[in-house]
Structures are given as C-alpha cells and as structure tokens.
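Readers should treat all values here as calculations from the given coordinates under stated rules, not as data from a laboratory. Here the structure is a predicted model, which is why all the values come from computation and not from measurement. Every residue, glycine as well, gets a Cβ built from its backbone with ideal geometry; the counts of neighbours run over all protein chains shown.
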Amino acid sequence: MDRRNSVTYRDILQKIRLAFPQPVSDAIHDSYFVHSIMRALDQVDGLKTHLPMLGDIISGDFEKAREATLPDTMASIEDVTADLVSYLRGMTLFGHPRTQQNVIPPPTIPSLIGVLLASLYNPNLVWDEYSRLVALAEVEAVAMASQLIGYNPEQASGVFTFGGTATTLYGVKLGLEKACPGTLQNGAPEDAVVFVSDAGHYCATNIVGWLGIGTNNLITIPTTVENEIDLAQLEAEMRRAVESGKKIAAIIATLGTTDAFGLDDLAHIVALRDTLVDEYRLDYRPHIHADAAIGWAWSVFNDYDFENNPLGFRPRTIRALAGASRRIQHLSLADSIGIDFHKTGFTPYISSLVLFKNRADLELVQRQQEQMPYLYQFGDYRPGMYTLETSRAGTGPLAALANFRLFGEQGLRVILGHIVEMTQLLREHLEGREGTTVLNRENFGTVTLFRAYPVGVDTFSIKGHEFEDAAYRDSLLAHNEYNRQISEYVHSEAMEGRGVMISLTDCYRNTQYGEPIVALKSFILSPFVDETDVEMVVSKVLEARGKVSG
Ligand SMILES: *Cc1c(COP(=O)(O)O)cnc(C)c1O
C-alpha cells in the first residue's frame, strides 16, 4: 500500500488534539474554544421565538434512531455542534413565563458556570486527590444545607448523589442496616418493611425493589384530603408490623409531594416512632427519612418575620408560606433528608444531596480500605469509602454552591415567595370564576390543581359531591373527559403561541368510591411568571369551555 497519499494516524491525532481544550495556556485556541461555545449558543438562540419552546416541535422517529450507526471518520467541531443543537429543537423553555407544566426549573447562570467548570476540569469526588478543592465545595454545600434545614453541622454529613431517588435510597439503606444489622454482608432479610404515603414519590417502590426488601414489603399509607400521610393509619400499621415481628427499615416522610405539595407531619411521625421504640422496647430506632426533594427550599422561611413581612408579600402569600413553614421547620428531626437542587434550587440536573443527621450512621455502609487498593493512599476526604457510586461528578456540588452564593437566604425567599404569590393569584382568579374550581385550595405549594365545568354546573357543590358520593360517578367521569378536552384545547393553543403550557394529571386523587379525579395542573416555577401569565391561564381555560362539548 502506498502510504504517501494516505492520511497517517498522526494527521488524525493532530485533529483530535485540537478537539480538546489545551492543557497548556494557548490564547488562540482558547478563543476558538469559547467561540465554539458561542456558536452553539447562537444557534440555539436562533431557535427562540415568542413561544415557550425552542423552534418547532418535531416528533422524534424512534424507529430510525434505533438504526443509528457509528460514523467511519471524524467530524469537525462545527459539524458536531450544529448536530447537537438540532436535538434541542422543540424543547420546552422551562424558564418561559408561559410554561407552567411541572417541577422542572430554569437553571441560573452561575449554576451553569459551575457545571461547565466541573465538566471542563473533570474533578472526581470519589477522593480529594482527584478533586482537590472541588471536594471542599461539596463539604461547604453540605454545611450550608445542614445549617439551613437545622442540622448541627458538627454532627451532620452528606453527599451529592444521582437524583432525589438516590437520596431516598441512601436513607432506606441506612435504615435497613439499623433495623437488620449485617444486610450488607448477608442480604436483605424477609421481615423488613418500609412505610410511605400513597402520595409519596413512586421511587420508594423502585428502592425497596432494588434493595431486595421487596415491593410487597412497602406499606403504603393513605393520605388525608390535604395529601398528608394519615397518622392514625400509619400508627396502626406500624403497630401491626412490630407486633407481627417485622422490622421497620424506614419510614419515608414526604415533605412536598410531587403532584400536590402535601407535607407529612414529620414531628408527629418522629414522636410516634419514639413512643413505639419505648413501648415495644425495640433494640433499634426505626430510621426516618424525609423526602424533601421539593420542600427543602422553604426552610429559608424558618426564621422569616411573618408578622412584619419585611419583603412585602401579599397576605395570602404570607399565609401559604407560613403554612408550609410550620411543617418544614421540623425537617431537622429526620435522620436523613433528600434535597433536589435541580427542582426548587434552580440548578441543572443532576444536583441532589442526601444529608445525614449523624455522621456516624455512615459507618453502617462503609467499606474497608483493603477493598479499594488503588484508592486512598493519602488525602483527607474519602467519601468513596461509603458512597454507592465510585466516580462522582463535581457538577452537582458546584451548581448548588453557586446558587447558595448567588441567592443567599434573601434571594431564595424572594424567588420562592414570588412563585407562591403567583400561585395564590392564580387560585384567586380561578375561584373568582363560576366555571372553574380549585381542588387543592388549602395547599401551600406552587402547584394548582383545578377543574373546569360546563356552563350550568354548580361549581360550589359539585366538587364535594363528586368526591364523596358514588351517585355522582357518571358525572365525575364525564367531567374527567371534559377536562381532558379542555387540556387538549389549551395545549394546542399554547403550541400556537396563544396561552400557557399547563399540564394534566390523570389522578389528582381517588374519590372515596375509588375513581380517579382528572385535574388540570399549573406548576409555577419560573421567576419570569407574572400576573398577566396567570390571568392568561384563566382566560384560556374559560375560552376552552366555549369550544368543547359539555
Ligand atoms: C422528584 C422527586 C423525587 C425523585 O427525584 P429525582 O431527582 O427525579 O430522582 C423523589 N421525591 C420527590 C418528592 C420528588 O418530587
């Protein structure tokens, strides 16, 4: 083979090296790098219109996607960039004031820079030898979060992990080890149970499944109309479990349920746990994990002066903030807590933190140094001794720290206060119309579940009838369908730039006779939402009433 005309590997290697940030300062290459990022951002910007999404929504051809193959040769950075940008077409703009769909926040600029820096230099939090001061950033973020929710930072500890789901996984695993020592060696026993409310996140099912506890051993407790765990039923079930010789691996208290911001009464659950420990002389203390993936942020109001209200929130807002605070302020009673910065902390995915009240609990899942011969010859910070993960990115901690620094307590109060204020305003408008009714009016969060009814229906009484009275089953089901149609109309209007993207939940809760209640759902999480956007939700829904058949 004639090598003179062919490309040698060295030529290609040269191209490959140019595709990396340069290890040694090179101003020209640096500007090429920055320029490449700018081009990507420019191209994304080119997709923006007034609509709450990037360009047109294109439905993905998943059949074709499955046939994708690895290219034979290299592409240029420019081509790859354009290609990557094309995947953002149709993405919802979660920061857009006309997006009120779900608990997905827009990330701040500093948190994005945190993610960029951590990705650029690729610290690995398994060990400070591989992450240096980025490991310190994790420790600082843990300290700030501990102080915020009321843990004693001297005793507490925490690690960033792969999502809110993993935070609960950590809590339940520690609890399992406390209730049934030796599961790390022997596997899960058959007599361990976990409690969670029926409004808790479905990740509990995954976790007991994956931990080997088994989904049959997840005891789901019904919730009250406020979407809080029913304490009497929890007590009865806990007693039944203990009396029949079961071990309580964990009680998951949900502080801020995903769909309706229900807040379990943690203080009561802790007192109940302590009573049962004494009464039955248990030789372990059942672990209580607070799933505060959403609710944690409300801790900034723990010491807000609601009386004088220095930030000037409206009375309804103050009431909602104080209402949430009365539950959230007890977070520090939990043995472990899950926090999602990528929800109410305005960072990109994934930035989840699990906090442990007692650092010593982590010894329950610690590995021995001998099991990791290639790590930890020196250094001060070795979370890899007990984390489930081996490699852990610096992105989560830097993003969280960025927003703690950016907002401070006051900034977090303002952003949460504002979205609660907009939510309250929405409810006020919905309640002020005869065609709509709010289902979760006593709720303190930023999600509003509501239903529209055809002209002529008495919206004051229908809600109660349909909830309680099986004679209203047909009416309930017809109105479920009616609200689905309203949702479709509002959605298609929003896609055309007229109105707001809200969503629909197939089951806000079950009626007392067991049918699901379909509800329209507005989840406000963007700081850009303002009064006109809220009014738009109401006027679009009312307009839809005229378009769909009742
Ligand atoms: C979102 C959520 C989870 C799951 O968190 P991920 O970060 O999506 O894994 C768990 N619990 C609650 C209450 C949540 O809202």
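Pairs of alpha-carbon atoms within less than 8 angstrom and 6+ residues apart define the contacts here; what relative contact order does region 9-109 have, in percent? Reported relative contact order: 29 percent. When shorter helices are ignored and each DSSP H run of at least 4 residues is given -39500 (n - 2.57), the per-residue value for the chain at 222 nm works out to -13500 deg cm²/dmol. Taking the Cα centre of region 110-409 as reference, the dipole from Cβ charges on Lys and Arg (+1) and Asp and Glu (-1) amounts to some 420 debye. Rounded to the nearest Hz, the phi-derived 3J(HN,Hα) couplings of region 483-497 under the Karplus curve 6.51 cos²θ - 1.76 cosθ + 1.60 (θ = phi - 60°) are 5, 4, 5, 4, 4, 4, 5, 4, 5, 5, 5, 4, 5, 9, x, where x marks glycine and proline. Dipole orientation for region 415-550: of the candidates Asn480, Thr532, Thr423, Asn480 has the Cα lying most toward the positive pole (charges on Cβ; Lys, Arg +1; Asp, Glu -1). Of the residues Val242, Ala260, Ile221, the one whose Cα sits farthest toward the positive end of the charge dipole of the chain, with +1 on the Cβ of Lys and Arg and -1 on the Cβ of Asp and Glu, is Ala260. Taking GluC sites (Glu not before Pro) across region 1-105, the ones in a DSSP loop with at most 11 further Cβ atoms lying within 10 angstrom of their Cβ are Glu67. Past 29 Å, Cα to Cα, is the threshold; run Lys173/Lys343; Lys15/Lys48; Lys64/Lys521; Lys343/Lys521; Lys247/Lys521 against it and keep the listed order. Result: Lys15/Lys48; Lys64/Lys521; Lys247/Lys521 exceed 29 Å.
Each of Arg285, Arg382 has some number of other Cβ atoms within 10 Å of its Cβ, and from fewest to most they run Arg285, Arg382.
Between amide H atoms placed 1.01 Å from N, distances below 5 Å from Gly163 occur with Ser352, all of them 5 or more places distant or on a separate chain.
Counting only Cβ charges, +1 for Lys and Arg and -1 for Asp and Glu, the dipole size of region 1-89 around its Cα centre is about 260 debye. Counting 0.36 nm for each residue step from Gln155 to Asp458 and taking away their Cα separation leaves a gain of 103.5 nm.
Answer rounded, prolate or oblate for region 9-84, using the Cα gyration tensor with square roots of eigenvalues a ≥ b ≥ c: rounded when a/c is under 1.5, else prolate when a/b is larger than b/c, else oblate. Oblate, since a/c reaches 1.5 and b/c is not below a/b.
Among the GluC sites (Glu not before Pro) in region 104-205, which ones are in a DSSP loop with at most 15 other Cβ atoms within 10 Å of the Cβ? Mind listing them? Loop-located and lightly packed - Glu154, Glu190. Under a 5 Å amide H cut-off, with hydrogens placed 1.01 Å from N, Met53 pairs with Leu93 among residues at least 5 apart or on other chains. Taking amide H atoms as placed 1.01 Å from N in the peptide plane, the amide H of Phe195 lies under 5 Å from those of Ile219, Ala250, Ile251, Ile252, each 5 or more residues away in sequence or on another chain. Residue-wise HN-Hα couplings along region 96-105, as the Karplus relation 6.51 cos²θ - 1.76 cosθ + 1.60 with θ = phi - 60° gives them from phi, are 5, x, 9, 10, 9, 9, 7, 7, 10, x Hz; Gly and Pro carry x. Applying the criteria of a DSSP loop state and at most 11 other Cβ atoms within 10 Å to the chymotrypsin sites (Phe, Trp or Tyr not before Pro) of region 184-245 yields Tyr202.
Basic side chains Lys and Arg get +1 at the Cβ, acidic Asp and Glu get -1 at the Cβ, and with that the dipole of the chain about its Cα centre reaches some 660 debye. Per-residue Karplus couplings for region 51-58, computed as 6.51 cos²θ - 1.76 cosθ + 1.60 with θ equal to phi - 60°, are listed in order as 6, x, 8, 8, x, 8, 7, 10 Hz, Gly and Pro entered as x. When the Cα positions of Ala324, Ser6, Ser31 are compared along the charge dipole of the chain, Ser6 comes out farthest toward the positive end, with charges on each C-beta of Lys, Arg, Asp and Glu. For the chain, what is the percent of antiparallel DSSP beta bridges, rounded to the nearest 5? Of the beta bridges lying entirely in the chain, close to 60 percent run antiparallel.
I need the shape label for the chain. Rule: rounded when a/c is under 1.5, else prolate if a/b > b/c, else oblate, with a, b, c from the alpha carbon gyration tensor. Oblate. I need the shape label for region 415-547. Rule: rounded when a/c is under 1.5, else prolate if a/b > b/c, else oblate, with a, b, c from the alpha carbon gyration tensor. Here region 415-547 falls in the prolate category. Sorting the segments 288-299, 83-94 by their mean number of nearby beta carbons within 10 angstrom, highest to lowest, gives 288-299, 83-94.
Considering Cα pairs under 8 angstrom that are at least six residues apart, work out the relative contact order of the chain and quote it in whole percent. Relative contact order comes out at 19 percent. Going from the residue with the fewest nearby Cβ atoms within 10 Å to the one with the most, His418, His342 rank His418, His342.
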